[in-house]
Structure formats: structure tokens, C-alpha cells
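Participant: First the structure, then my questions, so here it is.
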Amino acid sequence: MHSPSPIVRRKSRQIHVGKVPVGGDAPISVQSMTNTDTLDVAATVAQIHSLENAGADIVRVSVPCMDAAEAFGRIKQQVNVPLVADIHFDYKIALRVAELGVDCLRINPGNIGKEDRVRAVVSAARDNGIPIRIGVNAGSLEKELQRKYGEPTPEALVESAMRHIDHLERLDFQEYKVSVKASDVFMAVAAYRQLAKLIEQPLHLGITEAGGLRSGTVKSSIGLGMLLMDGIGDTIRVSLAADPVEEIKVGYDMLKSLRLRSKGINFIACPSCSRQNFDVIGTMNALEERLEDIMTPLDVSVIGCVVNGPGEAKESDIGLTGGTPNNLIYIDGKPAIKLTNEHLVDDLERLIRDKVREKEQAEKDVIARGA
């Protein structure tokens, strides 16, 4: 029920990672990376399915050796989400996963050897309709650039990216995206801002090695938030030392807060105080856990008292306002039902799921009329 985001996004060339468009007017995609052993096909497939269920648009898989490339091929056959193969140094691995149906190659052209090897990888990518992601990281800058700049700097990151880009440009290959990640927020933000002015290709955003679940979420939200507010960014990965599913949840919450993407429930909840007429924190924890499966966009407000409750509820699809003796539910901004505390979470979950079904049916009806 909120107005569209006021953010004006940077105009970028659109590429496709499998079925997912990246750049142009496409929604900002959210991705993560498996942390299982790629050789353990069953474990990797299971984790990818978990990421798919959480809403991941794209999943990256590390492919460090040729045996892992063969495992990647078996993994690819068992999942639906587009897969990116993360490859360093060995161009033959890139050629093999191209044969096995990879949707994107994460490879730095300058790291895989002589021009003929770069040409072979680019030819395989071109022939199979596979884009390339150039991924520059402050922790693995070329030794020459480390000597030139003395330490990682935004300028060093951008120069590294442009060197890799030159390899592709010489071969007239335009289907690529670029990242210039650093664990330092200021360095990453400055590098992305510089690069955004130099190329038209889409940008993959990330604050690398951001930290654990809480600290990494904060650091990523600040860094990526600054860039997204500038209109910079076409796909994002939140790097957390945590379950990769958490990266997807945080990524979507970040985009929802900026009104750049809507997927799942957008909760508006008060921190609670002595005015609350029900257990706000317990209710929110239970609702978030129970409703993780919902992907339909919905605004739900959970406010403990009548100070801000009615105002928030009037702007939500479903709003709960604490009251005495009963709590009041608003639906589509209008007072609708009174609920007691006894079965509050159960009743609220039922109302939310009813509203989701109603919205989904309305969308189907619109599509049917259009057909």
C-alpha cells in the first residue's frame, strides 16, 4: 500500500543469467552462494533447494577443480534456480562447466593465463549464451596493483576491474557484470561509485566478508544501502558468516525497506513498551517463523497500543492494534475484526493467509482477463 520507491536507478545494459534478467529495468536480483563441498552433490543440491525456497533468484557454486566441475553438472540437473560457477585460474574448468549448462561464469579473465585461454573461455561463453561476472576483491588484488597503490584503495579496485574488462572488450564480448568488493564499507562504496560512471554493464553489489549474522547484516545494509540509494546495483549478495538462507532474507529485507523489491511479508512492528496490550515481540517472532513460506508481497503492521497502531494499520494490508479489552484488526485500512489475546497468533496467521490467497486469486484473474 506504500508508494513506489523514489530511487532512480542507474541505466545499465541487461544480461541474462539463465532465466533471470540482470540490469536494465529488471528487478534487482538477490543471490547467495553455497558453502557445502561441491563434490557432495546431495548436500549441495539440498542447500540450493533451501535457497530456492527462501526466494533466491541466483545461486553461486564454487568449482575449484575438474572433479567439482563434473559434480556441478550433476547438481545443475537437479535444481531450477540459475547457477553461477565460481572459478579461479584454471580455464579448462570454465570450458567444462560451459558444456554442462552453467548459467554464468564468475571468472577474472586476467587470472586465467594467456590470451588464447581467455579467447577460448569467451568463445565458449558466446557460443552457449553464458554471461561472465568479473569479480574484483580487495583481498586478492594483483601484486602489481598492490605495489602501485601500496594498499587496497577504491582506485586500485577500479583499475583491476578495468584491466579484466579490457580482455572482454578486445574480444567484443559485452555480456558481463562486474563487482568491486571490499570488507571496508567506504572503500567498496567509493569503488562502485567510480565504476558506475565508467561502464554500462550491470553491477553486482556486495560488501565482502562482512561478518557474522548481526554485524554482517548491519555492515552490508549500510554499504549496499548507500549504493542502492544512489540507484547503483542490479544484483546483490549479502556475504554473511551464517546460513546462506539468511543472506537471502537480509537481501530481500534490504530491498523491501527501500521499496525496490517486494517479496513476502513486509512487517511493520513496534519495539513494544509498557503500553502494549499483547506480547508484541513474542507475536512477531512467531509470525515471522510461521510465515516464511509466503512470497506474495503483503504489508502487515503489528503495533501494541493505540498511539501509532491505527495510523500504521490504515496503511497496511492487515494491521493489528493493541486495545483494551480486545485488539483490533484492520483489513485494507478499515477496522474489521476484534481479537482476544488467547489465540492471537493463530487468528492473525489465518487472516494473513486468507489475505494472501485473496491477492493471489486477484492476480490470476487479472492474468486470465488479459489472456
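Participant: Using each residue's phi in the range 184-197, evaluate 6.51 cos²θ - 1.76 cosθ + 1.60 at θ = phi - 60° and report the 3J(HN,Hα) Karplus result to the nearest Hz, with x for Gly and Pro.
Facilitator: Once θ is set to phi - 60°, the couplings for the range 184-197 become 8, 4, 5, 5, 5, 4, 5, 5, 5, 5, 5, 5, 4, 7 Hz.
Participant: Under unit Cβ charges (Lys, Arg +1; Asp, Glu -1), what dipole magnitude, rounded to 20 debye, does the chain have relative to its Cα centre? Show your work: numbers first, answer last.
Facilitator: On the way: 45 positive and 51 negative charges, 174 e Å.
About 840 debye.
Participant: Measuring from the lowest to the highest alpha carbon on each principal axis, how far does the range 232-271 reach, largest first, in angstroms?
Facilitator: Taking max minus min along each principal axis of the Cα atoms, the range 232-271 gives 28, 25, 16 Å.
Participant: Okay, next question. At R0 = 25 Å, how high is the FRET efficiency between GLU99 and ARG119 if r is their beta carbon distance? Nearest 0.05 is fine.
Facilitator: Numbers: r = 17 Å, r/R0 = 0.68.
Once rounded, the FRET efficiency stands at 0.90.
Participant: Additional query: Rank LEU157, LEU95 by accessible area, highest first, at a 1.4 Å probe radius?
Facilitator: On the way: LEU157 0, LEU95 50 Å².
So, going from the largest accessible area down, we get LEU95, LEU157.
Participant: Equivalent-ellipsoid semi-axes (√(5λ), Cα gyration tensor) for the range 13-73, whole Å, largest first? Numbers along the way, then the final one.
Facilitator: On the way: eigenvalues 120, 40, 12 Å².
Ellipsoid half-lengths, sorted descending, are 25, 14, 8 Å.
Participant: So who's got an amide H within less than 5 Å of the one on ILE207, skipping anything under 5 residues away but keeping other chains? H placed 1.01 Å off N, in plane.
Facilitator: The answer is SER239.
Participant: Taking the Cα centroid of the range 225-271 and of the range 21-47, what is the distance between the two, rounded to the nearest whole Å?
Facilitator: Distance between centres, Cα-based: 16 Å.
Participant: Kindly list the residues of the range 264-279 that lie in the label zone of GLU360, defined by a backbone N under 20 Å from the point 7 Å along the Cα-to-C-beta vector.
Facilitator: 264-267
Participant: Also, quick follow-up: I need the P(r) histogram for the range 87-170: all alpha carbon pairs, bin width 5 Å from 0 out to the longest distance, whole percents.
Facilitator: The distribution over the range 87-170 is 3, 15, 26, 22, 16, 10, 6, 2, 0, given as percents.
Participant: Computing the accessible area with a 1.4 Å probe over protein heavy atoms, can you report the carbon and sulfur percentage for the range 25-80? The partial results should precede the final answer.
Facilitator: On the way: 1040 of 2270 Å².
Answer for the range 25-80 is 46 percent, counting heavy atoms of protein chains only.
Participant: Next question, about the same structure. Write down the Å³ per residue value for the convex hull defined by the alpha carbon atoms of the range 227-294. Walk me through the numbers on the way to the answer.
Facilitator: Numbers: hull volume 8.8 nm³, N = 68.
Each residue corresponds to 129 Å³ of Cα convex hull volume.
Participant: How much net charge surrounds ALA69 when only the other residues with a Cβ under 15 Å from the Cβ of ALA69 are counted, with Lys and Arg +1 and Asp and Glu -1?
Facilitator: Numbers: positive: ARG60, ARG74, LYS76, LYS92, ARG96, ARG106; negative: ASP37, ASP40, ASP67, GLU70, ASP86, ASP90, GLU99, ASP103.
My count for the surroundings of ALA69 gives -2.
Participant: Here's a follow-up. Eigenvalues of the Cα gyration tensor times 5, then square-rooted: what semi-axes does that give for the range 115-263, in whole angstrom, largest first? Display every interim value, and only then the final one.
Facilitator: Details: eigenvalues 142, 73, 39 Å².
So the three semi-axes of the range 115-263 are 27, 19, 14 Å.
Participant: Follow-up. Give the residues of the range 329-352 whose amide nitrogen is closer than 18 Å to a point set 7 Å from the Cα of LYS314 in the direction of its Cβ.
Facilitator: 329-337
Participant: Also: Suppose a student asked you for the relative contact order of the chain, using Cα pairs under 8 Å spaced at least 6 residues apart; what percent would you report? Mind showing how you got there, number by number?
Facilitator: Details: 725 pairs, mean separation 51.1, N = 371.
Once divided by the residue count of the chain, the mean separation gives 14 percent.
Participant: Could you tell me which residue out of MET284, VAL366, GLY309 lies farthest along the dipole of the range 241-371 toward its positive end? Charges go on the beta carbon: Lys and Arg +1, Asp and Glu -1, centred on the Cα centre.
Facilitator: In the range 241-371, that residue is VAL366.
Participant: With every protein chain left in place, what is the accessible area of PHE267 in Å² (1.4 Å probe, nearest 10)?
Facilitator: Ignoring ligands and nucleic acids, PHE267 comes out at about 50 Å².
Participant: How do 279-291, 307-319 rank on mean C-beta neighbours within 10 Å, highest first? Before the final figure, lay out each step's value.
Facilitator: Numbers: 279-291: 15.8, 307-319: 19.6.
Per-residue mean Cβ counts within 10 Å order the peptides as 307-319, 279-291.
Participant: Follow-up question, since we're still on this one. No solvent, one uniform scatterer per C-alpha: report log10 I(q)/I(0) for the range 194-235 via the Debye equation at q = 0.22, 0.23 1/Å, two decimals.
Facilitator: Values returned for q = 0.22, 0.23 Å⁻¹ are -0.73, -0.77.
Participant: Also: List, in order, the whole-Hz ³J(HN,Hα) value for each residue of the range 10-19 obtained from phi through the Karplus relation with A = 6.51, B = -1.76, C = 1.60 and θ = phi - 60°; use x for Gly and Pro.
Facilitator: 4, 6, 9, 5, 9, 10, 10, 9, x, 8
Participant: The range 107-137 to the range 172-223: how many Å between their Cα centroids?
Facilitator: That distance is 21 Å.
Participant: Quick check: convex hull over the Cα atoms of the range 273-371, volume per residue in Å³, rounded to an integer? Each step should come with its number before you reach the end.
Facilitator: Details: hull volume 9.2 nm³, N = 99.
In the range 273-371, the Cα hull volume divided by residue count equals 93 Å³.
Participant: A follow-up question, please. So what are the range 176-309's ellipsoid semi-axes, whole angstrom, largest first, if each one is the square root of 5 times an eigenvalue of the alpha-carbon gyration tensor? Can you show the working numbers first?
Facilitator: Working: eigenvalues 210, 45, 40 Å².
Computed over the range 176-309, the values are 32, 15, 14 Å.
Participant: May I ask what percent, to the nearest 5, of DSSP beta bridges between residues of the range 57-165 are antiparallel? Before the final figure, lay out each step's value.
Facilitator: Values: 0 of 9 bridges.
So the antiparallel bridges in the range 57-165 amount to around 0 percent.
Participant: From the residues GLN77, PRO27, CYS104, which one has its Cα farthest along the dipole of the range 1-138 in the positive direction, the dipole being from +1 and -1 charges on Cβ of Lys/Arg and Asp/Glu about the Cα centre?
Facilitator: PRO27
Participant: When the label point is put 7 Å from the Cα of ASP37 along its Cα-to-beta-carbon vector, which residues of the range 52-91 have a backbone N closer than 14 Å?
Facilitator: Taking a point 7 Å out along Cα→Cβ of ASP37, the residues of the range 52-91 whose backbone N falls under 14 Å are 64-65, 67-68, 71.
Participant: Can you tell me how much longer the chain between GLU151 and ALA241 gets when fully stretched, taken as 0.36 nm per residue apart minus their C-alpha distance, in nm with one decimal? List each step's numbers first, then the result.
Facilitator: On the way: separation 90, 0.36 × 90 = 32.40 nm, distance 2.50 nm.
Taking GLU151 through ALA241 to full extension adds about 29.9 nm, to one decimal.
Participant: Could you work out the relative contact order of the range 212-303? I mean the mean sequence separation of Cα pairs under 8 Å and 6+ apart, divided by the number of residues, in percent. Don't jump to the answer; show the numbers that get you there.
Facilitator: Working: 87 pairs, mean separation 23.4, N = 92.
For the range 212-303, the relative contact order is 25 percent.
Participant: Taking K and R as +1 and D and E as -1, what net charge do the other residues with C-beta under 15 Å from the C-beta of GLU115 add up to?
Facilitator: Working: positive: LYS114, ARG117, ARG119, ARG163, ARG170; negative: ASP116, ASP166, GLU169, ASP172.
With Lys, Arg at +1 and Asp, Glu at -1, the neighbours total +1.
Participant: Between LYS334 and ILE7, how high is the FRET efficiency from 1/(1 + (r/R0)^6) when r is the Cβ-Cβ distance and R₀ = 22 Å? Nearest 0.05.
Facilitator: Working: r = 30 Å, r/R0 = 1.38.
That gives a FRET efficiency of 0.10.
Participant: Rg to Rh ratio, the range 174-249, alpha-carbon atoms and Kirkwood radius? Don't jump to the answer; show the numbers that get you there.
Facilitator: Working: Rg = 12.0 Å, Rh = 12.4 Å.
Reported Rg/Rh, Kirkwood definition of Rh: 0.97.
Participant: Placing unit charges on C-beta atoms (Lys and Arg positive, Asp and Glu negative, everything else neutral), compute the dipole magnitude of the range 1-69 about its Cα centre in debye, rounded to 20.
Facilitator: On the way: 6 positive and 6 negative charges, 117 e Å.
My answer is approximately 560 debye.
Participant: Calculate the dipole size of the range 12-120 relative to its Cα centre from +1 charges on Lys and Arg beta carbons and -1 charges on Asp and Glu beta carbons; express the result in debye to the nearest 20. Please report the intermediate quantities before stating the final value.
Facilitator: Details: 11 positive and 13 negative charges, 56 e Å.
Computed about the Cα centre, the dipole is about 280 debye.
Participant: Please compute, over every Cα-Cα pair in the range 292-344, the percentage with a separation greater than 13 angstrom.
Facilitator: Tail of the P(r) past 13 Å holds 54 percent of the pairs.
Participant: Applying the Karplus parametrisation 6.51 cos²θ - 1.76 cosθ + 1.60 with θ = phi - 60° to the phi angles of the range 40-53, what ³J(HN,Hα) value in whole Hz is obtained for each residue in order, glycine and proline being reported as x?
Facilitator: 8, 4, 4, 5, 5, 4, 4, 5, 4, 4, 4, 5, 4, 5
Participant: Still on this model: The range 29-162: D in µm²/s via Stokes-Einstein (Kirkwood Rh, Cα pairs, 4 °C, 1.567 mPa s)?
Facilitator: On the way: Rh = 15.6 Å.
Here the translational diffusion coefficient equals 83 µm²/s.
Participant: Sticking with this structure for a sec: For ILE337, which sequence-distant residues (separation of 5 or more, or a different chain) have an amide H within less than 5 Å of its own amide H, given hydrogens modelled in the peptide plane?
Facilitator: Sorted by chain and number, the residues that satisfy this are ILE329.
The values are calculated or read from the model by the stated rules, or taken from the named source; none is laboratory data. The model shown is predicted, which means the values in this text are computed figures rather than measured ones. Glycine also receives a Cβ, built like all others from the backbone with ideal geometry; neighbour counts cover every protein chain displayed. Remember, those area values only see protein heavy atoms, side chains included, never the ligands or the DNA or RNA. Shrake-Rupley method; radii C 1.70, N 1.55, O 1.52, S 1.80 Å.
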